[in-house]
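Only one structure is covered here, and it is reproduced in the block below.
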4 protein chains.
Amino acid sequence: LINTGTAANALALAAISPPFGAIFCHPESHIMADECGAPEMFTGGAKLIGIPGRAGKIAAAELKAALAQYPRGIDKQVQPAVLSLTQLTESGTLYTCEELALLSALAHDAGLLVHMDGARFANALVSVRCTPAEMSWKAGIDILSFGATKNGALGCEAVIFFDPFRAASVPYLRKRSGHTLSKGRFLGAQLTAYLANGHWLDLAATANAHAQRLAQGLAKIPGVRLPWPCEGNEVFAIFLRALDEGRGPRARSTTPGNSQILVLTARPLRKPRSLSGW
Amino acid sequence: LINTGTAANALALAAISPPFGAIFCHPESHIMADECGAPEMFTGGAKLIGIPGRAGKIAAAELKAALAQYPRGIDKQVQPAVLSLTQLTESGTLYTCEELALLSALAHDAGLLVHMDGARFANALVSVRCTPAEMSWKAGIDILSFGATKNGALGCEAVIFFDPFRAASVPYLRKRSGHTLSKGRFLGAQLTAYLANGHWLDLAATANAHAQRLAQGLAKIPGVRLPWPCEGNEVFAIFLRALDEGRGPRARSTTPGNSQILVLTARPLRKPRSLSGW
Amino acid sequence: LINTGTAANALALAAISPPFGAIFCHPESHIMADECGAPEMFTGGAKLIGIPGRAGKIAAAELKAALAQYPRGIDKQVQPAVLSLTQLTESGTLYTCEELALLSALAHDAGLLVHMDGARFANALVSVRCTPAEMSWKAGIDILSFGATKNGALGCEAVIFFDPFRAASVPYLRKRSGHTLSKGRFLGAQLTAYLANGHWLDLAATANAHAQRLAQGLAKIPGVRLPWPCEGNEVFAIFLRALDEGRGPRARSTTPGNSQILVLTARPLRKPRSLSGW
Amino acid sequence: LINTGTAANALALAAISPPFGAIFCHPESHIMADECGAPEMFTGGAKLIGIPGRAGKIAAAELKAALAQYPRGIDKQVQPAVLSLTQLTESGTLYTCEELALLSALAHDAGLLVHMDGARFANALVSVRCTPAEMSWKAGIDILSFGATKNGALGCEAVIFFDPFRAASVPYLRKRSGHTLSKGRFLGAQLTAYLANGHWLDLAATANAHAQRLAQGLAKIPGVRLPWPCEGNEVFAIFLRALDEGRGPRARSTTPGNSQILVLTARPLRKPRSLSGW
């Protein structure tokens, strides 16, 4: 049990990357853009290398090129260690199991391990209608940050090592980062109910359905455009400025069912960062 | 809000010590012995210097000697940065406000800041019957890890900077250590009820009374000896081996009211570590 | 005195960036691409943010956009701390003093300090024919890695803080990184002769002249193209593959006068990394 | 090749200790007392545990006790990783090969690796008259910081891994700590002459003889006392205060042959730190 997704990701990465490691991830991934350097802190200074791709998804060709630029044994460069994939991506889009398997295979061939930031793993699962195994270890994922917080839980994330041997250092890394709770069982207990009878998948299905409905409604409004398809519980919408009175440039609101909407206002002068893959 | 005492201490120290800082603390303090190197991780490698003293309390003469050995400006040595005091100590004993003021004055004179690990601050307070201010900033404490977890709360600690300017880096240090909870208000809400109407002090008073009663009972048993006075909610007892059938060498149990007892079995060959100050 | 340019840069950055700092630099800069994560190690995990621009030079518009994406006070993001400029750039090109002043002003306005990696500062100076002050502090540079190694010295670099107050932590950062030499005066003595009578500028002028001659010769060869002007002691040339028998894709050789040539072979399938700004 | 003994030690330790490792060493060892936290920086925050013993030498019984207090698998404690021995010790005394083998065996039995800080390895060797192998890997040493600087060289230390597999991370750790010199061969060339024809042993023998002569002379002076035997190239002498006019409490001077003398003035009020083992 870990309390935050940031800690789950950083611990997972620290367990498998040396301080001189290169961690390949999307430039807009949570570990790159939204964790104030947690992976750097936990790994002792590993370097995150952004691999671009549209709609929040790493492009296979870009990954190949990056791996070619980081061969092993050149001591002036950080050494390739981890590929980190986000499912759902930061754009709310989805990797299919085939896409995951392809990227994982490229990484494994180059000697890297593959981490999945599964903050919205449940939402991806119900969209694809496959088993958790098919979307994780069968697709080449070695370590999974299994998020529950964004799907209804409170301070409750898990890190799953499909090869338990790789988790040997985790108890110490967790303790020294202050994430070993003295009464953690009370928070961890959530997972029992969460996983029982597919409750976690029901929650995700509800959130996805709400998001789908929201997306369809938004698409009908003149002056609103959806840059990416809604493939889970997130909808990104671009509003004409006229529709956006009284809101800031990036307003975030949450529906009861945990579907989320990031409202992006199109600006004449420059594209919002989150739209770079559009 | 921080989820663990380990994180609260490490964050507090990281906010006020450079990576080349010396942090003076008791050799048996939690930050030295029980956090798997969390202060080192959060500060980027500061060094903890053990200052001995009986019954878990730093001796003023030893602190003076240590400060003399770490003058400023010698680049081969870490530079004095923080004095960290634990209230109640790891031996369950108490610093009086006068003792705190004396140690703090020594530290301040040498240019250090003073941190208090107040995991059992409430228990100390009700034993001494003084105000929180008298036991903290009025006694020279600059930063207080204010524990609630050991007094009934769940995953709920606070770090109090008496000079808010020193907390400037905390939001970033907290985020990058994975301690910024997305729904933290639900855990933080505990503090509202905890602090209302002196509830926290009532809890501590109950725990202290239970511990006192336990200590008195234990003292009457032949073959049981209490190495230190019971000055809060902890009782340390040395059992004759014959009384200790079927228990491990260090059994720890918790009463409902959170008073705690550490049962130490006297060993013929070597003194238990926790008794070194006896 | 510091023995390597990598250490000089990393120490300079560690003196002025917190572990949660953002260090803005060119994607091809030495600190980003060629130091195996030394800045991350010395700063305790700061993040380097690549700011693109053609011919190795940071574009002012890109810097403005990056600064806008990293406002202060958003705790999920690293906090802007340093702009690092390389003079001569990694492409052998030159920032004019006006360009330096413009970029520095943007950085200062946003509260950053400005570091210059001056591994080839001397070569830049003789090309521009200005004073060292004009190319450094008068152009807004706060800290300068003053390189001598690439201009004839042996294990001899200096870090110059134009505000000595900012160097307060350097003796300790240097010692704990193992860069305080016990007989350092024997290596440091080089600087006396190096700086006397403009010897360092003579060396740089010779190297620049050799490079210029080399560039002119190369430009006359059919099948050879120079992607960037030769503005110091480096020449980058693109050879037709037919001219490049028996050489690897990136051959590096050094002339006696320390002018350097990086031979880049044009590849049909993808552009070499170092040409991305072309 | 490494430029300083501090860096050699810290690199060696970083290659074999995790960030949550415990490194056992003498409280007065160079890595503990004289490197401003370099081991902590290079390892990412490992903890140095002082193991006392008289005359600068770790006592086997103390090591046993410490290993017993750090069993594996207790996540609140750092995990035992390295025993570091200093030869000659910081008190100028000597471990015999048998003593080294005994301490190494204790460490190996507990799963630790053994590092030797051999800043004065040559001086120890000529005192004992054994082979380098007998004093290193045959006595259980796994990694040796092989010092040359204190025996006449300039900025020239080596780290020897007797199992090369353990050195896999060194090129990257060295580069990211700024210790990969671009013209390092000019400094490294010293080792060729240094090791040829036993020159290094001749230098050490001369220094030892000078120190011996100095010790004998000092011993004859009324009011001077030698706390430890002179077993290499260091003499520690305690002067009566009357003999010590015009000198600071700890004056350090170096003879041409590199024998060293640390003059310690007996103080009435407290024993100098370096005499604590006396």
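By what distance, in whole Å, do the Cα atoms of segment A:12-63 stretch along each of the three principal axes, largest value first?
30, 20, 14
Roughly how big is the protein assembly as shown's charge dipole about its Cα centre, with Cβ charges of +1 (Lys, Arg) and -1 (Asp, Glu), in debye to the nearest 20?
Result for the protein assembly as shown is approximately 0 debye, rounded to the nearest 20.
For the ranges B:106-112, B:9-15, what's the packing order if you count other beta-carbon atoms within 10 Å of each residue, average per peptide, and put the highest first?
The densest-packed peptide leads the list: B:9-15, B:106-112.
Taking chain A as a Gaussian network, where each spring joins two C-alpha atoms under 10 Å apart, which residue of A:ASN197, A:ASN208, A:ASN233 fluctuates the most?
Of A:ASN197, A:ASN208, A:ASN233, the most mobile in the Gaussian network model is A:ASN197.
Restricted to Cα positions, what overall size does chain A have along the principal axes? Three whole-Å values, descending.
Extents along the principal axes: 54, 45, 33 Å.
Probe radius 1.4 Å, ligands and nucleic acids ignored: give me the carbon and sulfur share of the accessible area of the protein assembly as shown as a rounded percent.
Answer for the protein assembly as shown: carbon and sulfur cover 58 percent of the accessible area.
Between A:ALA59, A:LEU218, A:ILE141, whose Cα lies farthest towards the positive end of the dipole of chain A when Lys and Arg beta carbons carry +1 and Asp and Glu beta carbons carry -1, centred on the Cα centre?
Positive-most Cα among the choices belongs to A:LEU218.
Taking springs between alpha-carbon atoms closer than 10 angstrom, which of C:GLU98, C:GLU35, C:GLU231 fluctuates most in the Gaussian network model of chain C?
Greatest mean-square fluctuation among the candidates belongs to C:GLU98.
Grab the DSSP H runs of the protein assembly as shown that are 4 residues or longer, score each as -39,500 (n - 2.57), total them, divide by all residues and round the 222 nm result to the nearest 500 deg cm²/dmol.
-10000 deg cm²/dmol, from helical runs alone.
How much of the DSSP beta bridge set in chain C is antiparallel, as a percent to the nearest 5?
In chain C, approximately 35 percent of DSSP beta bridges are antiparallel ones.
Say a label goes 7 Å from Cα toward Cβ at B:LEU201 in every copy; what distances in nm does this one have to the rest, shortest first?
5.5, 7.5, 7.7
Treating only the Cβ atoms of Lys and Arg (+1) and Asp and Glu (-1) as charged, compute the dipole magnitude of segment D:77-166 about its Cα centre; round to the nearest 20 debye.
Dipole of segment D:77-166, to the nearest 20 debye: 220 debye.
Please report, for the Cα atoms of the protein assembly as shown, the Rg to one decimal and the Dmax as a whole number; what are they, in angstrom?
Every Cα atom of the protein assembly as shown included, Rg and Dmax give 31.2, 103 Å.
Between copies, how far does the label point of D:PRO164 sit from its twins, in nm, shortest first, when each point is 7 Å from Cα along Cα→Cβ?
3.7, 5.0, 6.2
Take the Cβ-Cβ distance between C:SER182 and D:ALA105 as r, set R0 to 35 Å, and report the resulting FRET efficiency rounded to the nearest 0.05.
Approximately 0.55, to the nearest 0.05.
Using only the alpha carbons of segment B:70-137, what is the convex hull's orientation-averaged projected area in square nanometres?
Across all orientations, segment B:70-137 yields a mean hull projection of 5.0 nm².
For q values of 0.11, 0.17 Å⁻¹, compute log₁₀ I(q)/I(0) with the Debye formula on a Cα-only model of segment D:1-154, without solvent.
Summing over Cα pairs of segment D:1-154 leads to -0.37, -0.92.
Name the residue farthest towards the positive end of the dipole of segment B:79-162 from the options B:PRO132, B:LEU85, B:GLY152, assuming +1 on Cβ of Lys and Arg, -1 on Cβ of Asp and Glu, about the Cα centre.
Projecting each Cα onto the dipole axis, the largest value belongs to B:GLY152.
Measure out, as a whole number of angstrom, how far apart the alpha-carbon centroids of segment C:65-93 and segment D:1-80 sit.
37
Compute the long axis of helix B:199-220 from its Cα atoms, compare it with the longest principal axis of the Cα atoms of chain B, and write down the angle in degrees, 0 to 90, nearest 10.
Once rounded, the angle reads 40 degrees.
Mind checking which of D:SER169, D:SER104, D:SER127 has the largest fluctuation in a GNM of chain D, springs on alpha carbons under 10 Å?
Top of the fluctuation ranking is D:SER169.
Could you tell me the center-to-center distance, by alpha carbons, between segment B:188-237 and segment C:124-180 in angstrom?
With segment B:188-237 and segment C:124-180 each reduced to a Cα centre, they are spaced 59 Å.
Can you name the residue in chain B whose Cβ lies closest to the B-to-C rotation axis, and give that gap in whole Å?
Nearest Cβ to the rotation axis, residue and whole-Å distance: B:GLY44, 2.
Sorted from largest down, what three extents in whole angstroms do the Cα atoms of segment B:174-234 have along their principal axes?
53, 31, 13
List every residue whose amide H lies under 5 Å from the amide H of C:ILE49, counting only residues 5 or more places away in sequence or on a different chain, with H placed 1.01 Å from N in the peptide plane.
C:ILE23, C:PHE24, C:CYS25
Pull up the cross-link candidates among the lysines for C:LYS57, meaning alpha carbon to alpha carbon under 27 Å and not fewer than 8 places away within one chain.
Straight-line reach from C:LYS57, under 27 Å: A:LYS47, A:LYS64, A:LYS76, A:LYS271, C:LYS47, C:LYS138, C:LYS150, C:LYS220, C:LYS271, D:LYS175.
Between copies, how far does the label point of B:ALA133 sit from its twins, in nm, shortest first, when each point is 7 Å from Cα along Cα→Cβ?
Those separations, rounded to one decimal, come out as 5.4, 6.5, 7.5 nm.
Which whole-Hz couplings ³J(HN,Hα) result when phi for each residue of segment B:180-192 is put into the Karplus expression 6.51 cos²θ - 1.76 cosθ + 1.60, θ = phi - 60°, listed in order with x for Gly and Pro?
Coupling constants for segment B:180-192: 9, 7, 6, 10, x, 4, 5, 7, x, 4, 3, 5, 4 Hz.
Using only alpha carbon pairs under 8 Å that are at least six residues apart, calculate the relative contact order of chain D and give it in whole percent.
18 percent.
To the nearest whole number, what is the average tally of beta carbon atoms from other chains within 10 Å of the beta carbons of peptide C:146-159?
2
Report, by chain and number, residues whose modeled amide H sits under 5 Å from the one on C:GLN77, excluding near sequence neighbours (fewer than 5 apart, same chain).
Distant-sequence amide H within range of C:GLN77: A:CYS36.
Evaluate the charge dipole of segment D:1-85 about its Cα centre and quote only its size in Debye, nearest 20, assuming +1 on the Cβ of each Lys and Arg and -1 on the Cβ of each Asp and Glu.
Dipole about the Cα centre, nearest 20: 300 debye.
So, how do all the Cα-to-Cα distances of segment A:110-204 break down into 10 Å bins, in percent, from 0 on up?
Going out from 0 Å in 10 Å bins, segment A:110-204 shows 14, 43, 34, 8, 0 percent.
The values are calculated or read from the model by the stated rules, or taken from the named source; none is laboratory data. Since we're looking at a predicted model, the values are computed, not measured. Every residue, glycine as well, gets a Cβ built from its backbone with ideal geometry; the counts of neighbours run over all protein chains shown. Accessible surface areas use protein heavy atoms only, side chains included; no ligands, DNA or RNA. Shrake-Rupley method; radii C 1.70, N 1.55, O 1.52, S 1.80 Å.
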